[in-house]
Structure formats: structure tokens, C-alpha cells
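Novice: Please see the structure below; I have some questions.
Nothing in this text is a laboratory measurement; each read-out follows from the coordinates by a stated rule. In this text the structure is predicted, and so the values were computed from the model without any measurement. Note that each Cβ is placed from the backbone with ideal geometry, even for glycine, and that neighbours are counted across all protein chains shown.
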Amino acid sequence: MFKPIKQKRVYEEVLEQIKNLVKQGVLKPGDRLISERELAEQLQVSRASIREAFSALDMMGILESKPGEGTFIRQEPLDSMIKPLALMMTLYQNNSLEVLEIRAILEAGSAALAARRVTPEGLDKIKAALDEMEQDVLSGAIGELPDAAFHLAVVEAADNQVLLRLMNTVSDLIVETMRHSREKLFETPGNKLKLLQQHKEIYRAIAERDSEEAREAMRAHLRFVRKEITTYEEEREENSI
């Protein structure tokens, strides 16, 4: 049942110290570390252990080595976390239902945050996208671009840089999935106006700074889209038999 407790190797201790200093804000993005020799002397370890720790931290996206300049805390450490997730979402882009599930998890929370943190300028940006979406819908257009702009404006209003970076990274994927989703949804009479009304409810909740209502409005909207697409796919499969 139990396994022997292993002592950490020296380089792991070095790695943990540097990671903790980054977490505490003592070391900030762009900071240059002291040389391997100086760090080895301060920590009383071998330079080989320092090099091993630096190599591991580089692979983790925390450090970067610049030839002739030294070793630095990476300017954009978020990329090491965001890019793999963005790549995974892109690889699964053909499964629109799974993309919708991920969006529901991320965007319901972002709508709640937006209701608490939105600025007047941020609210204007959401409203502008909503107005453009309404014009597209009434003119018979698909309206995927203002739809994507609306959702990205909500995420921007949430004022969370990790979430915003992720959504911006996969923005092309979001636009593409929205276009396919809207094409399917608009085949059902009345869905155009239903979707427009759902976006208006999200906007209203954010404008009224009702975080729980904003969360539920976004969740209900994406739940509706998922349900309609599931029905569409099932009917198409039945008709093909």
C-alpha cells in the first residue's frame, strides 16, 4: 500500500525555490537571474544541478535562455499553459458539441465576472456587438462575426488575463464553430430571434451587475445551442438511414 519516501534530488530543490520566488512575485517576468556560478555558490550546490534545474524550468515555460545575455524569467509564462489547451481545442474543432461544453464552462464564469468588473467602455463594446448582431439577424445574415465579438467582449469585461488570452488564441476556432452552429440553428424557424433575445438577456444582466443572472443567462444560452445542435444531428442521422 505504502511506497518508500524518496528524497528530492538537488536540482528539484533548486527548481522549487525558483518556482516559489516566481509565485511570490519576487522574481517577475523579464527579470534576469544571477549566473549559474553565483547561484551555485549561494545555494551551495554544484553548477550541474543548477543547469539541470534551468533546463527543466525552460521546458516548463518559466525560464528562457538568451545566448550572450543570460537566463530570464519568461515574459509570457501564460503561453506555456494556454498554447497546449488552445491546440487541444483546435484539434477537436470538428466536435462542435465538445467545444460548446468547454465554452459553457469558461464563459458562464466570465459572464459572472463581467457583471462585477465591467467598465462603461466595456459595456459599450458588448452593446455595440449586440447591435451589429441584431442588424445581421434582421437582414438575413448568419452573424457569426458580431456573435464572436459579443462573447469576446464579455470575456474582456471579466478582466481575467488568462481567460482573455485563451479566448483570443482560439478566436478563429470560435468564429468557425459559431458559423456552423448558426447555419444549423437557423434552419429551425424562430431560432434567429431566440438567439438574439438570449444575447440581450446576457447583456442586460451584465449591465445590471447581476453576476448570478449573467452566469445563468450565458449558461442557458449555450445549453440551448447544444440542445438544438444535438437535435439537428440526430434528425440528420435518421434521415440518412
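Novice: Grab the other residues whose beta carbon is less than 14 angstrom from that of GLU38, score K and R as +1, D and E as -1, and report the net.
Specialist: +2
Novice: Now for a separate question. Return the tail of the calculated pair distribution for the range 10-73, meaning the percent of Cα-Cα pairs more than 18 Å apart.
Specialist: Counting pairs separated by more than 18 Å, the tail of P(r) holds 26 percent.
Novice: FRET efficiency for ARG37 and ASN168, Cβ-Cβ distance as r, R0 = 41 Å, nearest 0.05?
Specialist: Rounded to the nearest 0.05, the efficiency is 0.50.
Novice: Determine, for TYR203, TYR11, TYR232, the number of other Cβ atoms within 10 Å of each Cβ, and report the residues in order from fewest to most.
Specialist: Exposure proxy ranking, most exposed first: TYR232, TYR11, TYR203.
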